[in-house]
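Contents: one structure, followed by commentary.
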């Protein structure tokens, strides 16, 4: 890739078929599909996306809690999904690279799930400290 080139990386939750994975349960609300791979939103242009990465649920929810605890950003799971992909990309990016993540949801609607210790424990997603 040449300097200044832009790569678009899609973020796919576990259980979604957008990255070509087998369909399964999607725990991240409002994103992904477990329908056949042929189903894509009509507003989505596949030609603009260079790669789609799948992120496991534990990483998504750990990222949400890390953003809240370290950055004071109350974001929802879709945002945690996007930021998790950005963080992964940043680990291998060339020095001076600019990485942008779009955070599509706030956390206020997820207080009973993403920020609820009981729900997280029941789902097996209790964040661990690193």
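Quick note: the coordinates plus some simple rules give every number you see, no bench work behind them. Everything numeric here is computed off the predicted structure, so don't read it as measured data. Cβ atoms come from the backbone with ideal geometry, glycine included; neighbour counts cover every protein chain shown.
Laid out as a table, the results:
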{"quantity": "Mean ellipticity per residue at 222 nm, deg cm²/dmol - from DSSP H runs of n ≥ 4 across the chain, formula -39500 (n - 2.57)", "calculated": "-9000 deg cm²/dmol"}
{"quantity": "Stretchable slack from residue 122 to residue 45, in nm (0.36 nm times residue separation minus alpha-carbon distance)", "calculated": "24.0 nm"}
{"quantity": "Between the range 90-130 and the range 67-83, the Cα center-to-center distance that results, in Å", "calculated": "5"}
{"quantity": "Inter-label distance, nm, simple model (7 Å from Cα along the C-beta direction), residue 6/residue 98", "calculated": "1.0"}
{"quantity": "Footprinting exposure proxy for 122, 113 (fewest neighbouring C-beta atoms within 10 Å first)", "calculated": "122, 113"}
{"quantity": "Entry for semi-axes √(5λ) of the Cα gyration tensor in Å (calculated from the structure that is shown) out of [x] 42, 21, 12; [y] 24, 20, 12; [z] 21, 16, 13", "calculated": "[y]"}
